[in-house]
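*Asks:* First, the structure itself, so that you have it in front of you.
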Amino acid sequence: MLFSEVLKDNKAFKRCFRSGRYCSCGFLTAYYLPNNEAFNRVGISVSKKIGNAVCRNRAKRIIRAAYRLRETQFPIGYDIVFAARGAIEEKKTQDIEGFFTERLIYDMNRTALKKAKGK
């Protein structure tokens, strides 16, 4: 990943879930929180409710691939946690990529603009 690091710390995941903003659709929820760094940190959370290990790893793989394809469009300086939902099992990378471009990136940019105007 070009502008991103992997988010592995449980405290950072919890901070994103608790304090961050979110954007969701039927198969994925994305939580994001500014991290005051020059890069993004990305974490993926897939519950055992999704299915067995094969299903969970496939979900992580397609989320990671979609993020990699749209990484240059994401604003810099965020912790982003993707939480998969049950309907992700039959989705493809293009579906997740569509969610990123149509909803998530727009919401993140709008939040950044509001924050910049408020200062």
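*Asks:* Using just the helices of the chain, give the 222 nm mean residue ellipticity in deg cm²/dmol: DSSP H runs with n ≥ 4 each add -39,500 (n - 2.57), and the total is spread over all residues, rounded to 500. Could the numbers behind the result be given before it?
*Replies:* Numbers: 4 runs with 49 residues, N = 119.
So the helix-based figure for the chain works out to -13000 deg cm²/dmol.
*Asks:* Can you list residues from other chains, or at least 5 along the same chain, whose modelled amide H is less than 5 Å from the amide H of ASN35?
*Replies:* Under 5 Å from the amide H of ASN35: TYR78, ASP79.
*Asks:* Right, something else. Amide H neighbours of GLU5 under 5 Å, counting only residues 5+ apart in sequence or on other chains, H built in-plane at 1.01 Å?
*Replies:* Correct list: ASN40, ARG41, VAL42.
*Asks:* Please report the antiparallel percentage of DSSP beta bridges with both residues in the chain, rounded to the nearest 5. Write out the running numbers ahead of the final one.
*Replies:* Details: 11 of 19 bridges.
Among the beta bridges of the chain, antiparallel pairing accounts for roughly 60 percent.
*Asks:* In this model, which of LYS8/LYS92; LYS48/LYS115; LYS49/LYS92; LYS48/LYS92 are farther than 27 Å apart at the alpha-carbon?
*Replies:* Details: LYS8/LYS92 25 Å; LYS48/LYS115 36 Å; LYS49/LYS92 19 Å; LYS48/LYS92 19 Å.
Exceeds cut-off: LYS48/LYS115.
*Asks:* How high is the relative contact order of the chain? Use alpha-carbon pairs under 8 Å, at least six apart in sequence, and give a whole percent.
*Replies:* About 33 percent, as a whole number.
*Asks:* Of PRO34, ALA83, SER19, whose Cα points farthest to the positive end of the dipole of the chain (charges on the beta-carbon: +1 Lys, Arg; -1 Asp, Glu; origin at the Cα centre)?
*Replies:* Farthest towards the positive end: SER19.
*Asks:* State the answer as a single residue: which of CYS55, GLY98, ALA65 lies farthest towards the positive end of the charge dipole of the stretch 13-119, with beta carbon charges of +1 for Lys and Arg and -1 for Asp and Glu, about the Cα centre.
*Replies:* The Cα lying farthest towards the positive end belongs to CYS55.
*Asks:* So what does VAL42 come to for accessible area, using a 1.4 Å probe and Å² rounded to 10?
*Replies:* Counting only protein heavy atoms, VAL42 exposes about 10 Å² to solvent.
*Asks:* LYS11: which aspartates and glutamates have alpha carbons under 20 Å from its alpha carbon, excluding same-chain residues fewer than 8 sequence positions away?
*Replies:* GLU37, ASP79
*Asks:* Please compute the length gained on full extension between THR93 and ASN109, using 0.36 nm multiplied by the number of residues separating them and subtracting their Cα-Cα distance. List each step's numbers first, then the result.
*Replies:* Details: separation 16, 0.36 × 16 = 5.76 nm, distance 2.22 nm.
Here the answer is 3.5 nm.
*Asks:* May I ask you to give the percent of accessible area on the chain that is carbon plus sulfur, with a probe radius of 1.4 Å? Each step should come with its number before you reach the end.
*Replies:* Details: 3460 of 7080 Å².
Using a 1.4 Å probe with all protein chains present, the chain comes out at 49 percent carbon and sulfur.
*Asks:* Which ³J(HN,Hα) values in Hz, rounded to whole numbers, follow from the phi angles of the stretch 38-43 under the Karplus curve 6.51 cos²θ - 1.76 cosθ + 1.60, where θ = phi - 60° and Gly and Pro get x?
*Replies:* Result, rounded to whole Hz: 8, 8, 8, 10, 10, x.
*Asks:* Can you list residues whose amide H is under 5 Å from SER45's amide H, if they're 5+ apart or on another chain and H is modeled 1.01 Å from N?
*Replies:* Hits under the 5 Å cutoff: PHE82, ALA83, ALA84.
*Asks:* In a Gaussian network model over the chain where Cα atoms closer than 10 Å are linked, find which of TYR31, TYR22, TYR106 has the largest mean-square fluctuation.
*Replies:* The residue that fluctuates most here is TYR106.
The values are calculated or read from the model by the stated rules, or taken from the named source; none is laboratory data. Only a predicted model underlies this, so the values are computations on that prediction, with no experimental measurement involved. All Cβ positions, even for glycine, are placed from backbone atoms using ideal geometry, and neighbour counts span all protein chains on display. The area values use the complete protein model at the heavy-atom level, side chains included, leaving out ligands, DNA and RNA. Shrake-Rupley method; radii C 1.70, N 1.55, O 1.52, S 1.80 Å.
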